[in-house]
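Everything on this sheet refers to the single structure shown next.
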């Protein structure tokens, strides 16, 4: 597929954070951007700026005693990997 734009391999990512405010401040400073805070049910998120043609994601507030995993979604295979 030389020359054909196929898009990102990963479409969405989630970064678990026990210290949510600290993590959000870190990523905002590291990438010189503003994350949008959202609350969806019991979940607190800070969403990175996004564009339909590139991967994006968010920081997710988790309990510090919780072991979290990052799940990647493959748009080419349409399944979690």
Flagged in segment 20-53 as assigned to a loop (DSSP other than H, G, I, E, B) and more than 12 Å from the chain's Cα centre (by Cα), in numbering order, are 31, 32, 33, 34, 41, 42, 51, 52, 53
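Conditions tested, residue by residue: (1) at pLDDT 90 or above; (2) exposed (fewer than 14 other Cβ atoms within 10 Å of the Cβ).
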{"position": "3", "(1), (2)": "no, yes"}
{"position": "19", "(1), (2)": "yes, yes"}
{"position": "33", "(1), (2)": "yes, yes"}
{"position": "46", "(1), (2)": "yes, no"}
{"position": "52", "(1), (2)": "no, yes"}
{"position": "60", "(1), (2)": "yes, no"}
{"position": "68", "(1), (2)": "no, yes"}
{"position": "79", "(1), (2)": "no, yes"}
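The values are calculated or read from the model by the stated rules, or taken from the named source; none is laboratory data. None of the values given here were measured: they were computed from a predicted structure. Positions of Cβ are backbone-derived with ideal geometry, glycine not excepted, and every protein chain shown enters the neighbour counts.
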